[in-house]
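Working notes, beginning with the structure itself.
Computed from the coordinates by the stated procedures, all read-outs in this text should not be read as laboratory data. Predicted, not measured: the structure shown is a model, and the values here were computed from it. Positions of Cβ are backbone-derived with ideal geometry, glycine not excepted, and every protein chain shown enters the neighbour counts.
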Amino acid sequence: MSENKNIKNLKEFSTSADRFEGANLLCPGCAHSIIVREVLNATNDDLILSASTGCLEVCTAVYPYTSWDASWIHIGFENGSTAVAGAESMYKALKTKGRLKQPDRNPKFVSFAGDGASYDIGFQWISGCMERGHNIMHVVLDNEVYANTGGQRSSSTPIGSSATTSPEGRRSYGEKKNKKDMVSIMASHNIPYSAQVAPNKWKDMVKKIQHGFSVDGPVFINAVSPCTTEWKFDPKDTMHLADLATDSLVFPLYEIIDGHELNITYRPKTVVPVEEYLAAQGRFKHLFKDEYKHLIKEWQERVDAKWAQLNRREEARV
Amino acid sequence: MANKGWDEFEIGAMLRTFEGKIDDIAGTLQENRAYSQNSSFVASVADWRIIKPVFNKDFCIDCQFCWVYCPDISIISRDKKMIGIDMDHCKGCGICVEVCPTNPKSLMMFPEKADEETELAAWPAKNEEKK
Ligand SMILES: Cc1ncc(C[n+]2csc(CCOP(=O)(O)OP(=O)(O)O)c2C)c(N)n1
Ligand code: SF4
Ligand code: SF4
Ligand code: SF4
Ligand SMILES: [Mg+2]
C-alpha cells in the first residue's frame, strides 16, 4: 500500500492539482462535481475510474471532450462497478505474473454512479463486486432521483418527495416508499469499509476516502449530492442544502468497518429540525399543505429513530 | 489528434487528454499541462453565465472554502493563496460567494456585463450587524 497523501487542513488540500476539468456540462451548482473533486484530490496515486450512465457520465464525456485527466471507462448504466472491477482483476493478474511496466505505482480503482445506477439498476453488479472482494471503491452520487432522464423516482427517493413518476397532486403526496438503506446493505457483505459522506464536510470525506483507499477489499461510499434541478433550489444554495442534510441528521455521517464496527463521525452542535431541510426544497413544497403536514412529523420521527438506532449500534459495536 | 465524427470513431479508440506522455499528473498544475484538443479544459462555458463572481483580494483570508466548494474548478489557488477566478470555466452558480466567510465578503455576484473595476471601487464596507 502506498502512503496516504498528507492533508492536515484546507490550505494544504488546496495545493492539490485537480484531475477533473471544467467546461463539463453539469448544471451550475451541481454537487456531483464537488464530490468528485474531493474524492480525486484525496490521493496523488494513479486513478482508474469508471462512471455509470447518469448526469456525471453524460456531462463529462461529451464527444469530442473528456473532463477526466485519468483512465476513465464508461460502458453502461448498470456496470460501472464491474468495469472497474475487471480492470482491477487484470491489474492484479499482471502484477502476479510480473508483467506490470511500473510495478511500484499503486493505482486506485474507483467507480462513480448515481443512486439510480446503484440502488436499482446496477445493484446486483455492485453486490457481486463486494462479494468477490475486488479492491475497488464504489461511490454513489446520491441525489435521490434519476436526474439525468428528468427526475423519475428511484429506490433512494424518500417519502413525500415529488418525482415525475410519483408526482404530488390532488390524490398523492408524491413518493410513498421509504429510501433503501444502502450503506447497511453493502456493509452486510462484510466488506472492510462502508460509509456515508457529504461534500460540505470535506475533511470527514477526505478521511473516509483515504481510509477506503488504504484497506484491502471493496469499499462502498454513499455521498449525498444536493441537486439544484431536481430538488428545486437556487444553485448558489448547494452547500447550504448539504449543511441542512447533515445537520438535520437526514443524512447522518457514519462508517461501518468490517461489516460491524459502526462509528458516527459527525455530531452536529445544533441539530436542525427536519422541517427546515424539507422547506428549503421545491420537491417537498406540497408537504406544507394542511392535509400533508402530518408527514413532516413522521419524517422527524423516522430521522430520530434512525439516529437512535445508529447510536445504539455504535455503542454495541454490532 | 484530429477530431473525427462519432461514426468515424473506431471501436476501442481512446480520447487522450494530453499531448504526449505525462508522468506525474497529480503533481502537475493546470498551467503546466499539455492539454490536447479533447480535454474539456480547452473549451469554455463562459456564455452560460448571467451573473458572475468578482474577487476582492483586500478582504480575503485565503481560507480556501471557495476553492473546495466550487463545482467547476474555477477558483484558482496557488501556494495556499486564492489568486483569482477562471472565467472560462465558471458557470456563475454563486456557491463561492455563499461560502466566503469574510465580512464584507471577498467574493460577490454581479451581472455578467458589470464592470469589475467599478464594482471593486464600490465594494461594501464591513457590516456591523452581522454575527
Ligand atoms: C439500462 C439503461 N436504462 C435506462 C437508461 C436511461 N438512463 C440514462 S441516465 C438515467 C438516470 C440516471 O440516474 P442516476 O443513476 O440516479 O444518476 P443521476 O443522473 O441522478 O446522477 C437513465 C434512466 C440507460 N442509459 N440504460
Ligand atoms: S440535474 Fe442535478 S445532478 Fe444532474 S447535472 Fe443538474 S444539478 Fe447535477
Ligand atoms: S460562481 Fe460557481 S463556478 Fe463560478 S467560481 Fe464561484 S463557485 Fe465556481
Ligand atoms: S472563501 Fe473568501 S476568504 Fe476564503 S479564500 Fe475564498 S475569497 Fe478568500
Ligand atoms: Mg440520481
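Of the trypsin sites (Lys or Arg not before Pro) found in the range A:81-155, those in coil by DSSP whose Cβ has at most 13 other Cβ atoms within 10 Å are A:Lys97, A:Arg99, A:Lys101, A:Arg105. With a Förster radius of 35 Å applied to the beta-carbon distance between A:Glu291 and A:Ser184, the computed FRET efficiency rounds to 0.60.
In the range B:1-59, taking the dipole from charged Cβ atoms about the Cα centre, the farthest positive-side position among B:Met14, B:Gly27, B:Asn56 is held by B:Asn56.
The fewest-to-most ranking of B:Asp86, A:Asp234 by surrounding Cβ atoms within 10 Å reads A:Asp234, B:Asp86. Determine, at each q value in 0.23 (inverse angstroms), the log₁₀ of I(q)/I(0) that the Debye formula gives when each Cα of the range B:92-131 is one equal point scatterer. So the normalised log intensities are -0.86. Put a plus charge on the Cβ of each Lys and Arg, a minus charge on the Cβ of each Asp and Glu, and nothing anywhere else: the dipole of the range B:44-123 about its Cα centre is then about 220 debye.
Overall, the protein assembly as shown carries a charge dipole of about 800 debye about its Cα centre when +1 sits on the Cβ of Lys and Arg and -1 on the Cβ of Asp and Glu, all other atoms neutral. Peptide A:3-11 is shielded by partner chain Cβ atoms: per residue, an average of 2 of them sit within 10 Å of its Cβ.
Sites listed here are GluC sites (Glu not before Pro) in the range B:5-89 whose DSSP assignment is loop and whose Cβ has at most 14 other Cβ atoms within 10 Å: B:Glu10, B:Glu19. Computed from Cα atoms, the angle from the helix A:123-132 axis to the main principal axis of chain A rounds to 40 degrees.
Shielding value for A:60-67 is 6, the average number of Cβ atoms from other chains within 10 Å of each residue's Cβ. As I understand it, the value is the acute angle between the Cα axis of helix A:80-96 and the longest principal axis of the Cα atoms of chain A; what does it come to in degrees, rounded to 10? Its long axis makes an angle of about 20 degrees. Loop-located trypsin sites (Lys or Arg not before Pro) in the range B:43-129 (DSSP state other than H, G, I, E, B) with a sparse environment of at most 13 neighbouring Cβ atoms within 10 Å: B:Lys57, B:Lys113, B:Lys126. Over the range A:201-306, the Kirkwood radius and the radius of gyration, each from Cα atoms, give a ratio Rg/Rh of 1.02. Taking 0.890 mPa s as the viscosity and 25 °C as the temperature, the Stokes-Einstein diffusion coefficient of chain A based on its alpha-carbon Kirkwood radius rounds to 123 µm²/s. Here's the picture: charge each Lys and Arg Cβ at +1 and each Asp and Glu Cβ at -1 in the range A:10-316, and of A:Ala223, A:Leu49, A:Val84 the one pushed furthest to the positive end of that dipole is A:Val84.
Ordering A:Leu244, A:Gly259, A:Phe213 by the projection of their Cα atoms onto the charge dipole of the range A:208-293, which places +1 on the Cβ of Lys and Arg and -1 on the Cβ of Asp and Glu, puts A:Leu244 at the extreme positive end. For the peptide A:29-36, the mean number of other protein chain Cβ atoms found within 10 angstrom of a residue's Cβ is 4. Among A:Arg19, A:Arg267, A:Arg170, B:Arg16, a tally of other beta-carbon atoms within 10 Å of each Cβ gives an order, fewest to most, of A:Arg170, A:Arg267, B:Arg16, A:Arg19.
Under the rule of -39500 (n - 2.57) per DSSP H run of 4 or more residues, summed and divided by the residues of the protein assembly as shown, what mean residue ellipticity at 222 nm is obtained, to the nearest 500 deg cm²/dmol? -8000 deg cm²/dmol, from helical runs alone.
The DSSP beta bridges internal to the protein assembly as shown are antiparallel in roughly 45% of cases. Counting only alpha carbon atoms, the long axis of helix A:293-316 and the longest principal axis of chain A meet at about 40°.
For the range A:1-160, DSSP calls about 15 percent of its internal beta bridges antiparallel.
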